[in-house]
Amino acid sequence: MKEAADPNPPLVTGRLRLEPQRAEHTPLMMRVLADPRTHTYLPSDPPEDEAALRERYARLESRRSPDGSELWLNWVVFQSTQAIGTVQATVQPERAQAEVAYVFHPGNWGQGYAAEAVQALLDFLCTELEVKQFRATTDTRNLASQRLLERLGFTQVSEIRGADKFKGTVSDEYIYERGCGE
Ligand SMILES: CC(C)(COP(=O)(O)OP(=O)(O)OC[C@H]1O[C@@H](n2cnc3c(N)ncnc32)[C@H](O)[C@@H]1OP(=O)(O)O)[C@@H](O)C(=O)NCCC(=O)NCCS
């Protein structure tokens, strides 16, 4: 990682603004996360209340895992003045690796916003944080996520059967990987 680099700065794309996630984004993100369709293939559920989400976002402002070994980076994605989703990266600086994840409001799906925001995240992590290898994990039923990863140049490298169990079903997962410049 470059010495002076801010690991979680604002980022801008053609149509979107990515703001470093902060507790003050809570009311805007409640709209995104309250929709159960956002959580279909995730173990999560809509936040119980605004206070719980605010507390979580406040904790994440440290941008670090509790033991300090990983960078936990989160951005809120804005289209004009509306928060439409989040992108996140768990970075292991020692190994130059990052796991990426993303969630967008169903009303904003299918317009290339996720691709645009995640591409900006990958570019930033490659050039500023000198990440060399990316990984992403998705439920095998989550076709939109798989299509997104493939469009971004990720390759499916393995499948984990019975990786998780939530909402009354077993979740099988695909692991995807990609290097920088691919
Ligand atoms: C996964 C997710 C971020 C994709 O968002 P999106 O805004 O629809 O993505 P984009 O518009 O950038 O589209 C990416 C690609 O997926 C395709 N796609 C979108 N919805 C799809 C669907 N239901 N089935 C198959 N492909 C789909 C798009 O056509 C596009 O492919 P293309 O470039 O070949 O046209 C969104 O569905 C989401 O937030 N889901 C809920 C949270 C989640 O599951 N996150 C991932 C956890 S691993």
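Evaluated against (1) in contact with an Asp or Glu (Cβ under 7 Å, 6 or more places away or on another chain); (2) within 13 Å of Tyr41 (Cβ to Cβ), Gln92 falls short on exactly one condition, (2).
Of the residues Phe104, Phe78, which is farther than 15 Å from Asn8 by Cα, more than 13 Å from the ligand (Cβ to nearest atom) and not acidic (Asp, Glu)?
Exactly one of Phe104, Phe78 is farther than 15 Å from Asn8 by Cα, more than 13 Å from the ligand (Cβ to nearest atom) and not acidic (Asp, Glu), namely Phe78.
Residue by residue, here is whether (1) at pLDDT 95 or above; (2) within 30 Å of Glu94 (Cβ to Cβ) holds:
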site: Ala5; (1), (2): no, yes
site: Asn8; (1), (2): yes, yes
site: Pro20; (1), (2): yes, yes
site: Val32; (1), (2): yes, no
site: Tyr41; (1), (2): yes, no
site: Leu53; (1), (2): yes, no
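Considering only residues in the range 108-128 that are near the ligand (Cβ under 10 Å from one of its atoms) and over 12 Å from the mean Cα position of the chain (by Cα), the one that is farthest from Thr40 (Cα to Cα) turns out to be Glu116.
Each residue in the range 82-92 was checked for being out of contact with any His (no Cβ under 8 Å at 6 or more places or on another chain) and either at pLDDT below 95 or within 16 Å of the ligand (Cβ to nearest atom) (or both), and 6 of them qualify. I'm checking my understanding of the structure. Among residues of the range 129-151 that are among the small types (Gly, Ala, Ser) and within 6 Å of the ligand (Cβ to nearest atom), which one is farthest from the chain's Cα centre (by Cα)? The qualifying residue farthest from the chain's Cα centre (by Cα) is Ala144.
The values are calculated or read from the model by the stated rules, or taken from the named source; none is laboratory data. As the structure is a prediction and not an experimental result, all values here were calculated from the model. Heads up, the Cβs are rebuilt from the backbone with ideal geometry, glycines too, and the neighbour counts pull from every protein chain shown.
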